[in-house]
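Student: The following block contains the structure, expressed as structure tokens.
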Amino acid sequence: MNSEIVIKAKEISKSYGKVKALDKVSFEIGKGELFGFIGPDGGGKTTLFRILTTLLLPDNGRAEIGGMDVVQDYRKIRNSVGYMPGKFSLYQDLTVEENLNFFATVFGTTIKENYDLIKDIYSHIEPFKKRLAGQLSGGMKQKLALSCALIHKPDYLILDEPTTGVDAVSRKEFWEMLKGLNEKGITIVVSTPYMDEAGLCDRVALIQGGQLLSIDTPAKIVQQFEHKLYAVRSNNMYKLILDLRSYENTFSVFPFGQYLHYIDKRTDFKTETISDFLKNSLHKNIEINRVSPNIEDCFIDLMRQ
């Protein structure tokens, strides 16, 4: 992490009635980082991002961006931050060009003045600049929203689940765009429910139930996984997960693609003991392979703790 801290939060809490969305969340982000908040829907990501972008007041705690307090200095922060909310929020009855012109005007600039910053992104949709925003595909809406967030040349870019609901090709393109922006020195904070996107960040914070479970590089989070992990499958996957959940030596088991990821309570066991148990439970075509953990395995393990 860069030694210069530009975004930080100290024990931020926020509740909606009896529901606690954030519970004493603290973190620091260095200048030029591509930092990711990874977690499921309802984890607190959107609430946190709305506080950072001065759209929501915290109940307790303090947050700063570029040395500016998100409550006291909200006007200054809005000029230095580009924000892309999770839901497409541009004017759907305006054209692509009209939306971009509008946001440029709000921030006292023009498309021409900052075109160099957005050209790599905007060039994909510029041929459709006369099309209404509401008639764009998901990937094109995403590029337009990012262009609008960048048009005032912000120092910080905060993106709330920008790839949710977008096809795999557009997701890949979007992350390539983020890497390009990051290389230009923009500090980027992004949230996502997709665990595979964690590896594209410099550091990640795993968040669940309004609490941070871990903050580190993706590689170091995976290195902290302490269990032997196995991928298991048989001819009857539904029966397999029921049988393994009832197995006295099971520490954890959960679906993962075409396999189940399994952890045994015993540290010195042999896979033959699991195989024998499954054969006695009338399973066929049994596969048991040792596998390396990924971010999702680590997230589930931290949730259990």
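The values are calculated or read from the model by the stated rules, or taken from the named source; none is laboratory data. Values in this document were obtained by computation on a predicted structure and should not be read as measured data. Every residue, glycine among them, receives a Cβ derived from its backbone with ideal geometry; neighbour counts consider all protein chains shown.
Student: State all residues of the stretch 282-305 that are assigned to a strand (DSSP E or B) and of a type in the set (Asp, Glu); if no residue qualifies, say none.
Tutor: Scanning the stretch 282-305 gives a single hit, Glu287.
Student: Kindly indicate which of Gln208, Gln258 is more than 17 Å from Gly36 (Cβ to Cβ) and not aromatic (Phe, Trp, Tyr).
Tutor: On inspection, the qualifying residue turns out to be Gln258.
Student: Being closer than 16 Å to Ser214 by Cα and not β-branched (Val, Ile, Thr) is the filter here; which residues of the stretch 28-47 pass it?
Tutor: Selection gives Glu28, Phe35, Gly36, Phe37, Gly39, Pro40, Gly43, Gly44, Lys45.
Student: Quick one: is Leu159 assigned by TED's automatic domain parsing to the domain that holds Ala9, out of contact with any helix residue (DSSP H, G or I) (no Cβ under 7 Å at 6 or more places or on another chain), assigned to a strand (DSSP E or B) and not hydroxyl-bearing (Ser, Thr, Tyr)?
Tutor: Yes: the conditions hold for Leu159.
Student: Could you run through the stretch 155-185 and say how many residues are in contact with a Leu (Cβ under 8 Å, 6 or more places away or on another chain) and over 21 Å from Leu55 (Cα atoms)?
Tutor: 8
Student: Also: Residues being free of Cβ contacts under 8 Å to residues at least 24 places away in the same chain and among the charged types (D, E, K, R): count how many of those fall in the stretch 15-49.
Tutor: 1
Student: If you check Leu100 against the conditions, is it closer than 25 Å to Thr187 by Cβ, surrounded by fewer than 22 Cβ atoms within 10 Å (Cβ to Cβ) and hydrophobic (A, V, I, L, M, F, W, C)?
Tutor: Answer is no for this residue.
Student: May I pose another question? Residues being farther than 21 Å from Asp23 by Cβ and either in contact with a Leu (Cβ under 8 Å, 6 or more places away or on another chain) or assigned to a loop (DSSP other than H, G, I, E, B) (or both): count how many of those fall in the stretch 199-214.
Tutor: Residues in the stretch 199-214 being farther than 21 Å from Asp23 by Cβ and either in contact with a Leu (Cβ under 8 Å, 6 or more places away or on another chain) or assigned to a loop (DSSP other than H, G, I, E, B) (or both): 3 in total.
Student: Yes or no: Asn235 in contact (Cβ under 8 Å) with a residue 12 or more places away in the chain, assigned to a strand (DSSP E or B) and over 30 Å from Ile29 (Cβ atoms)?
Tutor: no
Student: Can I ask one more? Note down all Cβ pairs under 8 Å where the first residue falls in the stretch 111-135 and is in the same structural domain as Leu90 (by TED's automatic domain parsing), the second is among the small types (Gly, Ala, Ser) and buried (at least 17 other Cβ atoms within 10 Å of the Cβ), and they're at least six residues apart or on different chains.
Tutor: Once the first residue is in the same structural domain as Leu90 (by TED's automatic domain parsing) and sits in the stretch 111-135, its partners that are among the small types (Gly, Ala, Ser) and buried (at least 17 other Cβ atoms within 10 Å of the Cβ) give Ile111/Ala104; Glu113/Ala104; Asn114/Ala104; Ile118/Ser147; Ile121/Ser147; Tyr122/Ser147; Ile125/Ser147.
Student: Something else about it: Has the stretch 136-147 got any residue that is surrounded by fewer than 17 Cβ atoms within 10 Å (Cβ to Cβ), part of a helix (DSSP H, G or I), modelled with pLDDT of 90 or more and of a type in the set (S, T, N, Q)?
Tutor: no
Student: Go through the residues of the stretch 107-117 one by one and say whether even a single one is β-branched (Val, Ile, Thr) and closer than 28 Å to Thr192 by Cβ.
Tutor: Within the stretch 107-117, not a single residue is β-branched (Val, Ile, Thr) and closer than 28 Å to Thr192 by Cβ.
Student: For the stretch 258-281, which residues satisfy the criterion of being over 14 Å from Tyr230 (Cβ atoms), part of a loop (DSSP other than H, G, I, E, B) and free of Cβ contacts under 8 Å to residues at least 12 places away in the same chain?
Tutor: If the condition is that a residue be over 14 Å from Tyr230 (Cβ atoms), part of a loop (DSSP other than H, G, I, E, B) and free of Cβ contacts under 8 Å to residues at least 12 places away in the same chain, then Asp268 is the only one that fits.
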